[in-house]
Amino acid sequence: MTKKNILLLAGDGIGPEIMLEAKKIIDWFNKNKKLDIDYSEELVGGASYDENETPLTDQVLYKAMDSDAVLLGAVGGPKWDTVDFAKKPERALLRLRKEMRLFANLRPAICFEELVSASSLKPEVISGLDILIVRELTGGIYFGEPRGIEPIENGERRGVNTHVYTSKEIRRVAKVAFDLALKRNKKVTSADKSNVMEAGLLWKEEVQSLYDEHAMYKSISLNHMLADNCAMQLVRNPKQFDVIVTDNLFGDMLSDEAAMLTGSLGMLPSASLSEKDKHGRTRSMYEPCHGSAPDIAGKGIANPIAMILSFAMALKYSLNFDQEAELLELAIKLVLKDGLRTADIMEKGKQKVSTTQMGDAIIAKLDTKK
Ligand code: NAD
């Protein structure tokens with residue numbers, strides 16, 4: 001079996017605690033499924049700042065670029081509130097995304113049957129939910145030029161950001177969405193603001209023409225939806241969606257909204273992918289959707305499932321171990337079915353467990369499926 005190299009960047013706050021559980025899972029697969037996943041660990045975020053006065057050293061960045069996948073915990077926390085903006089822990093994420101050219105951000109919002117009551121929506125609206133949001137991650141208004149804050153007359157100031165997309169940027173992320181939809185329920189909703197923004201109109205036209213040009217996408221049903229309507233539909237009838245593809249700004253908001261439909265941040269993984277390079281290699285980073293949760297760091301109560309599901313996504317999208325990914329997802333489902341819950345998803349009548357106990361319970365379930 002070919003060796004795979006992954007880089008573990010635990011980061012700050014609960015990052016190291018949940019990464020420990022992911023490592024136990026990787027070790028389990030290496031031992032019991034004879035995978036050859038070699039991992040090394042480096043500092044990122046505030047932990048790296050404390051050691052190196054930068055949230056991401058060049059050496060760690062090169063290592064990330066060279067790995068088959070990067071698994072990241074979380075970065076940031078109040079300890080670094082007064083650090084210069086350019087050296088804040090969160091800057092490490094932006095630099096990793098930019099340098100690794102991670103243009104496609106995949107965020108599944110899946111409602112585990114056992115956690116239906118954790119959602120603020122009615123069980124019948126949320127039960128069985130399985131949406132994938134594909135967000136463009138390296139373009140649009142967060143990166144467009146010109147940008148800045150400048151003085152104008154009468155002592156006033158003007159803040160400027162530019163919402164800009166090229167055909168190529170739109171088409172490559174739309175392709176990711178269509179290719180994923182082919183493996184799912186074959187439905188793509190493209191969300192834009194084509195009614196008021198030229199860049200939005202271009203978005204709609206390019207997504208449509210990519211679809212029209214490729215016969216292999218004909219089995220997919222494509223619809224275009226205004227992003228504000230999409231936000232409404234997500235709470236009204238979320239199960240109408242399969243894959244939603246959208247730009248950086250709307251994706252930021254719609255993916256958070258979709259995430260919260262499922263009730264807990266501690267359950268939500270994400271993947272960020274690059275284009276294939278000339279050797280056919282894709283760079284990738286996998287991380288939970290939540291942050292470093294400084295309020296509970298060090299208490300041993302963080303939910304490690306988002307981190308472990310992020311590793312499952314890495315197995316599927318970067319390491320080509322689809323069956324192993326499914327096995328891991330099944331083990332998590334079975335543990336939830338047994339009634340084990342970390343504090344964030346605790347309900348009456350269930351058994352409250354620590355971070356370590358949750359990791360161990362998942363491994364015990366994997367043991368039953370060896
Ligand atoms: P957060 O996601 O860290 O926490 C929000 C709430 O959810 C907290 O009450 C926290 O205890 C809880 N929570 C989050 N993950 C959990 C888990 N796995 N198990 C149980 N409970 C969990 O968001 P925040 O408080 O706004 O941000 C804290 C820090 O994290 C900030 O410095 C922020 O910049 C950073 N942040 C980092 C990332 C990242 O690394 N990708 C993402 C978001 C925020």
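Looking only at segment 177-198, how many residues end up being out of contact with any helix residue (DSSP H, G or I) (no Cβ under 8 Å at 6 or more places or on another chain), among the basic types (Lys, Arg) and in contact (Cβ under 8 Å) with a residue 40 or more places away in the chain? Total meeting the criteria: 2.
Where strands (runs of 3 or more DSSP E) fall entirely within segment 108-215, those with at least 1 residues that are over 17 Å from Val245 (Cα atoms) and not acidic (Asp, Glu) are at 144-151, 157-162. Taking the conditions exactly as written (outside the structural domain of Ile363 (by TED's automatic domain parsing) and within 14 Å of the ligand (Cβ to nearest atom)), does Leu20 satisfy them or not? No; evaluated as a whole, the condition is false for this residue. Just one of the numbered conditions (1) over 21 Å from Ala312 (Cα atoms); (2) away from the ligand (no atom under 16 Å from the Cβ); (3) surrounded by 12 or more Cβ atoms within 10 Å (Cβ to Cβ); (4) not assigned by TED's automatic domain parsing to the domain that holds Asp50 is not true of Val134: (1).
Under the condition of being touching a strand residue (DSSP E or B) at 6+ places or on another chain (Cβ under 7 Å) and hydrophobic (A, V, I, L, M, F, W, C), which residue from segment 294-311 is farthest from the ligand (Cβ to nearest atom)? Within segment 294-311, the match that is farthest from the ligand (Cβ to nearest atom) is Phe311. The one condition from (1) assigned by TED's automatic domain parsing to the domain that holds Arg171; (2) under 17 Å from Leu9 (Cα atoms) that Ala312 does not meet is (1).
For Leu7, are the conditions met, namely being more than 15 Å from the ligand (Cβ to nearest atom), in the same structural domain as Glu329 (by TED's automatic domain parsing) and among the hydrophobic types (A, V, I, L, M, F, W, C)? For Leu7, the condition - more than 15 Å from the ligand (Cβ to nearest atom), in the same structural domain as Glu329 (by TED's automatic domain parsing) and among the hydrophobic types (A, V, I, L, M, F, W, C) - is met.
Given the criteria in contact with a helix residue (DSSP H, G or I) (Cβ under 9 Å, 6 or more places away or on another chain), among the small types (Gly, Ala, Ser) and under 19 Å from Ile308 (Cβ atoms), does Ala47 qualify?
Judged against the criteria, Ala47 is not a match.
Considering only residues that are hydroxyl-bearing (Ser, Thr, Tyr), within 16 Å of the ligand (Cβ to nearest atom) and part of a loop (DSSP other than H, G, I, E, B), which ones fall in segment 47-88?
Quick first cut of segment 47-88, residues hydroxyl-bearing (Ser, Thr, Tyr) only: 48-49, 54, 57, 62, 67, 82.
Those still in the list that are within 16 Å of the ligand (Cβ to nearest atom) too: 48-49, 82.
Of everything in segment 47-88, just one residue is hydroxyl-bearing (Ser, Thr, Tyr), within 16 Å of the ligand (Cβ to nearest atom) and part of a loop (DSSP other than H, G, I, E, B), namely Thr82.
Going through segment 186-207 one residue at a time, which ones are surrounded by fewer than 17 Cβ atoms within 10 Å (Cβ to Cβ) and either under 14 Å from Val134 (Cβ atoms) or not assigned by TED's automatic domain parsing to the domain that holds Asn223 (or both)? Matches in segment 186-207: Lys187 only.
Of all residues in segment 11-36, those that are more than 23 Å from Ala331 (Cα to Cα) and small (Gly, Ala, Ser) total 2.
Do we have any residue at all in segment 26-35 that's within 19 Å of Pro288 (Cα to Cα), assigned to a helix (DSSP H, G or I) and away from the ligand (no atom under 15 Å from the Cβ)? Within segment 26-35, one or more residues are within 19 Å of Pro288 (Cα to Cα), assigned to a helix (DSSP H, G or I) and away from the ligand (no atom under 15 Å from the Cβ). Summed over segment 89-100, the residues that are in a loop (DSSP other than H, G, I, E, B) and either near the ligand (Cβ under 10 Å from one of its atoms) or surrounded by fewer than 17 Cβ atoms within 10 Å (Cβ to Cβ) (or both) give a count of 2.
Candidates in segment 241-280 are the residues that are touching a residue at least 24 places away in the same chain (Cβ under 8 Å) and farther than 30 Å from Asn161 by Cβ; of these, the one that is nearest to the ligand (Cβ to nearest atom) is Gly266. Being over 19 Å from Gly11 (Cβ atoms), over 20 Å from the mean Cα position of the chain (by Cα) and part of a loop (DSSP other than H, G, I, E, B), is that true of even one residue in segment 328-341? Yes, because at least one residue in segment 328-341 is over 19 Å from Gly11 (Cβ atoms), over 20 Å from the mean Cα position of the chain (by Cα) and part of a loop (DSSP other than H, G, I, E, B).
Taking the condition within 21 Å of the chain's Cα centre (by Cα) and either outside the structural domain of Val173 (by TED's automatic domain parsing) or at pLDDT below 95 (or both), does Ala361 pass? Walk me through it before giving the result.
Numbers: within 21 Å of the chain's Cα centre (by Cα): no; either outside the structural domain of Val173 (by TED's automatic domain parsing) or at pLDDT below 95 (or both): yes.
Here the answer is no, as Ala361 does not meet what is asked.
The values are calculated or read from the model by the stated rules, or taken from the named source; none is laboratory data. Note that the coordinates shown come from a computational prediction; the quantities given were computed from them, not determined experimentally. Glycine also receives a Cβ, built like all others from the backbone with ideal geometry; neighbour counts cover every protein chain displayed.
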